[in-house]
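Okay, here's the structure, questions in a sec.
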Amino acid sequence: MGENCFKKGSGKESNFTHSGNWNSPNSTPKREFKEVKSKMSDPTSNFSDVSSQKENTLKKVEKNSSELSSSEKVPQNLLQPRPSSHPQTPTSNSTPPPFSINLPQFPGAQPISDAQLSRILPLFPNLKNLLPKKIVVIGIGGVGGFCVECLYKSGFRNLIVIDGDRFDLSNQNRQIGSQFVGESKVEVFKRIYPGIAGIDLHLTPKNLSAIFPILEEADLIVDAIDDLPVKIALIEKFWKKMVSSTGAGRRIDPTKISTAPLSQTHTDPLARRLRRELKNRQWKGDLPVVFSSEPAKKGGSFIGVTGSFGLTLCHLAIEKLREGEKKRK
């Protein structure tokens, strides 16, 4: 360090002893400062020398980058934008693929012994001619399950049942097979009623057309569902070979159950909505249905009513087949 950096009490700075004298007019630091100051005061300079240095530096970087070996260069595919991991949203012109499902074949007529039919043949003399008919039962819950039970015990085996639900504890007050909690209703029914076929599918208006080949081949369609849009779509297309159930829940009196053409039903809210929606679509047909004249309560289901609905629906199904057989003669 230099000596006497400050003279005590003088109030003036002393000369700083250094190899380059700061007070010397020819000292390098002072000269450089004057040069920079003159450039700053000159509006035309704009530090052109600094800009030129920057350009030279960029050129050197580009040159060095171009001289990299092929192993050192960044692969071009890594410079491309990475594809999105999310699926692309279909454009307005794209159409989703049609819903499809593997459809079973109708099981066909199966031999039934006279002993098995001995108690029913006196009531339906032409029953043996009806047993080979192809029947589809849609919905095998509290109503449809008892309809299948009735048809099967009456000798009908050429059956396909359709339902997409699983059994749960709330089904055990009224549904056949509900002891198999968590299992597919269709698979359980195929075990309980050997020889029938099934489709494990929850029907919607969008996937309904997937089962049209089965419905078109069928001689009779039994509608035991309470999904109004699906019900309407079925009736509009297949009503001529259908029998249907209206609302069976929220009632306790099976003696109030009746059968009638849909156009003549009353009291039941589901039947009323069904008639109104079909009228809005200018539907001109009619079909036999099961309904109840008992006013609906707030909630709940009773096997005495739902089971009776299903058994009555079975009666309508057999009568529909008998009428069709008479027309063909």
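The values are calculated or read from the model by the stated rules, or taken from the named source; none is laboratory data. Quantities reported herein were computed from a predicted structural model and do not represent experimental measurements. Methodologically, a virtual Cβ is constructed for each residue, glycine included, from the backbone with ideal geometry; neighbour enumeration extends over all protein chains shown.
Being touching a Lys or Arg at 6+ places or on another chain (Cβ under 9 Å), closer than 24 Å to I135 by Cβ and not in a strand (DSSP E or B) is true for just one of L321, L313. Which residue is that?
Answer to the selection: L321.
Do you know which residues across the stretch 188-213 are surrounded by 15 or more Cβ atoms within 10 Å (Cβ to Cβ), over 23 Å from W239 (Cβ atoms) and of a type outside the set (A, V, I, L, M)?
Of everything in the stretch 188-213, those that are surrounded by 15 or more Cβ atoms within 10 Å (Cβ to Cβ), over 23 Å from W239 (Cβ atoms) and of a type outside the set (A, V, I, L, M) turn out to be F189, K190, Y193, G198, D200.
Let me ask something else. So which residues in the stretch 101-141 are closer than 21 Å to A218 by Cα and among the charged types (D, E, K, R), if there are any at all?
K128, K133, K134 - these are the residues of the stretch 101-141 that are closer than 21 Å to A218 by Cα and among the charged types (D, E, K, R).
Oh, and also: Say whether the condition of being closer than 20 Å to L131 by Cα, of a type in the set (K, R) and touching a strand residue (DSSP E or B) at 6+ places or on another chain (Cβ under 6 Å) is met by at least one residue in the stretch 237-257.
Yes.
May I ask you to say which residue of A248, A296 is small (G, A, S), part of a loop (DSSP other than H, G, I, E, B) and touching a Pro at 6+ places or on another chain (Cβ under 7 Å)?
After applying the criteria, what remains is A296.
Can you pull out the residues in the stretch 128-168 that are closer than 14 Å to L117 by Cβ, touching a strand residue (DSSP E or B) at 6+ places or on another chain (Cβ under 8 Å) and either touching a residue at least 40 places away in the same chain (Cβ under 8 Å) or assigned to a helix (DSSP H, G or I) (or both)?
If the condition is that a residue be closer than 14 Å to L117 by Cβ, touching a strand residue (DSSP E or B) at 6+ places or on another chain (Cβ under 8 Å) and either touching a residue at least 40 places away in the same chain (Cβ under 8 Å) or assigned to a helix (DSSP H, G or I) (or both), then L151, Y152 are the ones that fit.
Another question, then. Out of all the residues in the stretch 110-120, is one or more modelled with pLDDT of 95 or more and under 25 Å from I303 (Cβ atoms)?
yes
List every residue pair whose Cβ atoms lie under 6 Å apart, where the two residues are 6 or more positions apart in sequence or sit on different chains, the first residue falls within the stretch 198-216 and is of a type in the set (S, T, N, Q), and the second residue, located anywhere, is in a loop (DSSP other than H, G, I, E, B).
N207/F99
Restricting to the stretch 248-273, and then to whatever is surrounded by fewer than 22 Cβ atoms within 10 Å (Cβ to Cβ) and under 31 Å from the mean Cα position of the chain (by Cα), can you tell me which residue is nearest to K297 (Cα to Cα)?
R250
Let me ask something else about it. For the stretch 216-231, check the following and say yes or no: at least one residue is at pLDDT 95 or above and farther than 23 Å from L151 by Cβ.
yes
While we're here: So if I check each of E277, E216, E325, which one is of a type outside the set (G, A, S), out of contact with any strand residue (DSSP E or B) (no Cβ under 7 Å at 6 or more places or on another chain) and surrounded by 15 or more Cβ atoms within 10 Å (Cβ to Cβ)?
Being of a type outside the set (G, A, S), out of contact with any strand residue (DSSP E or B) (no Cβ under 7 Å at 6 or more places or on another chain) and surrounded by 15 or more Cβ atoms within 10 Å (Cβ to Cβ) holds for just one of E277, E216, E325, which is E277.
When only residues in the stretch 200-213 that are part of a loop (DSSP other than H, G, I, E, B) and touching a strand residue (DSSP E or B) at 6+ places or on another chain (Cβ under 9 Å) count, which is farthest from P229 (Cα to Cα)?
Within the stretch 200-213, the match that is farthest from P229 (Cα to Cα) is D200.
Sticking with this one: Return a yes/no flag: does the stretch 233-245 have any residue that is at positive phi, surrounded by 15 or more Cβ atoms within 10 Å (Cβ to Cβ) and in contact (Cβ under 8 Å) with a residue 40 or more places away in the chain.
Among the residues of the stretch 233-245, not one is at positive phi, surrounded by 15 or more Cβ atoms within 10 Å (Cβ to Cβ) and in contact (Cβ under 8 Å) with a residue 40 or more places away in the chain, which makes the answer no.
Pull up the stretch 246-294, narrow it to residues that are of a type in the set (K, R) and free of Cβ contacts under 8 Å to residues at least 40 places away in the same chain, then point me to the one that is farthest from R174 (Cα to Cα).
Applying the filter and picking the extreme gives K284.
Mind checking whether some residue in the stretch 300-322 is of a type outside the set (A, V, I, L, M, F, W, C), touching a Pro at 6+ places or on another chain (Cβ under 9 Å), surrounded by 15 or more Cβ atoms within 10 Å (Cβ to Cβ) and over 18 Å from G145 (Cβ atoms)?
Within the stretch 300-322, one or more residues are of a type outside the set (A, V, I, L, M, F, W, C), touching a Pro at 6+ places or on another chain (Cβ under 9 Å), surrounded by 15 or more Cβ atoms within 10 Å (Cβ to Cβ) and over 18 Å from G145 (Cβ atoms).
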